[in-house]
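Worksheet: one structure, shown below.
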Amino acid sequence: MININTDHSFSIRNTLFSFALASEAADVFEECNTIITGIGKVNAAYELTKIIQDKKPSLIVNLGSAGSNFFQKGDIVCCTKFIQRDMDVRGLGFQLYETPLSGLPPILEYGLKMDGLQEGICGTGDSFEMEHSEVLYNVVDMEAYALAMIAMKEQIPFLCLKYISDGADDNAAEDWSIQVHKAAMAYGNLLGINKCSSDKL
């Protein structure tokens, strides 16, 4: 079981773990229900949509590395709000980060809060941010918004945990390459996963 908070627990057998890269999952999750989406919102949306058309999980868990100049390297942050940080249609009178005519607010609120973890707002975009100065979000990644939006539309509970690998600054690329391999072990310890059941979805 994955115990998220006092109100929410889910069977590992019916949980789908989503990673952008295989290196973020390592061998800790090799026998779990896992998808490796590839980097970016389009890849993430395609891979998640494809798998849930066939098998609808009870819970989607997005795990991966992220940058932040607010949290510390090595922190695991639970993101419950999401911004599409490269959406800017203010020239047509829309708010910054608002997707035109979508009916969605600039900040998408969809995600379970995990007891004992700091809570973050994730800014997702198709760029590796190295000069983070925005105050509306304090975690940066390249997939989570797309995953959260699909989970919301499909009415599947969603948990997003981000391992802070870099400071989203001038040293981000070097820090990320060093820290990314530590993520899987940190997640395994947090979620109590030594080995997933081979009885998959």
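Among rounded, prolate and oblate, which fits segment 38-113 when a ≥ b ≥ c are the square roots of the eigenvalues of its C-alpha gyration tensor, a/c under 1.5 means rounded, and a/b larger than b/c means prolate?
In terms of gyration-tensor shape, oblate.
By DSSP, what percent of the beta bridges with both residues in segment 30-143 are antiparallel, rounded to the nearest 5?
Within segment 30-143, antiparallel bridges account for around 30 percent of the total.
Over all Cα pairs of segment 1-132, how is the pair count split among 5 Å bins, expressed in % and running from 0 up to the last occupied bin?
2, 9, 15, 20, 23, 17, 9, 4, 1, 0
Non-local amide H neighbours of residue 118 (under 5 Å, H modeled in plane, Pro and chain starts lacking H): which ones?
Distant-sequence amide H within range of residue 118: 78.
Suppose a student asked you for the relative contact order of the chain, using Cα pairs under 8 Å spaced at least 6 residues apart; what percent would you report?
Averaging sequence separation for qualifying contacts and normalising by length gives 31 percent for the chain.
Any idea of the accessible area per residue across segment 51-91, 1.4 Å probe, to the nearest Å²?
44
Quick one: if the Förster radius is 35 Å, what FRET efficiency do residue 30 and residue 92 give, using the C-beta to C-beta distance and rounding to 0.05?
My answer for the efficiency is 0.15.
Counting only protein heavy atoms and using a 1.4 Å probe, what share of the accessible area of the chain belongs to carbon plus sulfur, as a whole percent?
On the way: 4750 of 9530 Å².
Exposed carbon and sulfur together represent 50 percent of the surface.
Once you've got the Cα coordinates, tell me which of 162/182; 81/113; 55/162; 50/162 are over 18 Å apart.
55/162; 50/162
The values are calculated or read from the model by the stated rules, or taken from the named source; none is laboratory data. Just so it is clear, the structure is predicted and the values come from calculations on it, not from any experiment. Using ideal geometry, Cβ is built from the backbone for each residue, glycine included, and neighbour counts are taken over all protein chains shown. These accessible areas exclude ligands, DNA and RNA; they are computed on the full protein's heavy atoms, side chains included. Shrake-Rupley method; radii C 1.70, N 1.55, O 1.52, S 1.80 Å.
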